[in-house]
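The values are calculated or read from the model by the stated rules, or taken from the named source; none is laboratory data. As the structure is a prediction and not an experimental result, all values here were calculated from the model. We place every Cβ from the backbone using ideal geometry, glycine too, and count neighbours over all the protein chains shown.
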Amino acid sequence: MVRSYVSSLVAIVRGVEKQYGKDGKEVARRAFMEIREGSHTAGDPSSDLHEFCDNLDRGCRGTHQWKRVIDQPNRVKYNYTKCMWADEFAALDATDIGHWFCDTDEPAIKAYNPKLGFKRTKTLMDGDQLCDHEFCVVS
């Protein structure tokens, strides 16, 4: 199922890119970003941080391998060592499109609560050994 979804997305984006160049690909990326945003009524930032991360844990079960390396009231940090998206897009030599999934991390946490932040310095999509996601309450 995932491979079919990724293959279809790559084929569509490559077709748009072939026909309309980088501008067409950028329009597709922006549309992808818009449909990936969620809606949530912001509440207490610390509570929202942990609710968001608990939802993230549930959503990644069976598709990712990770460990919470920091779990504090105002900060949660993960090390992801396996990501189905990175694997599938790399297999199709399409990590440029796969990065769109990575690019939704910060807007997703901000949409959940504008007082939350995100930082990452490494990504599996880039061939790093892990993705280091850090979510926190910002002042």
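Brief remarks on what is shown
- Any hit, segment 62-73, residues being among the polar types (S, T, N, Q) and in a strand (DSSP E or B): yes
- Residue satisfying all of: in segment 18-58; in contact with a strand residue (DSSP E or B) (Cβ under 8 Å, 6 or more places away or on another chain) and either modelled with pLDDT under 90 or over 21 Å from Cys83 (Cα atoms) (or both); surrounded by the most Cβ atoms within 10 Å (Cβ to Cβ) among these: Leu49
- For Phe101, the conditions (1) surrounded by 15 or more Cβ atoms within 10 Å (Cβ to Cβ); (2) under 19 Å from Met1 (Cα atoms); (3) modelled with pLDDT of 95 or more all hold with the exception of (3).
- Contact map, segment 2-16: residues that are without any contact (Cβ under 8 Å) to a residue 40 or more places away in the chain paired with residues that are exposed (fewer than 14 other Cβ atoms within 10 Å of the Cβ) and in a helix (DSSP H, G or I), Cβ distance under 9 Å, separation 6+ or inter-chain. Pairs shown: Val16/Val27.
- In the set Thr95, Thr63, only one residue is touching a residue at least 24 places away in the same chain (Cβ under 8 Å), of a type in the set (S, T, N, Q) and touching a Cys at 6+ places or on another chain (Cβ under 8 Å); that residue is Thr63.
- Residue in segment 75-83 that is part of a strand (DSSP E or B), within 18 Å of Val6 (Cα to Cα) and within 14 Å of the chain's Cα centre (by Cα) present: yes
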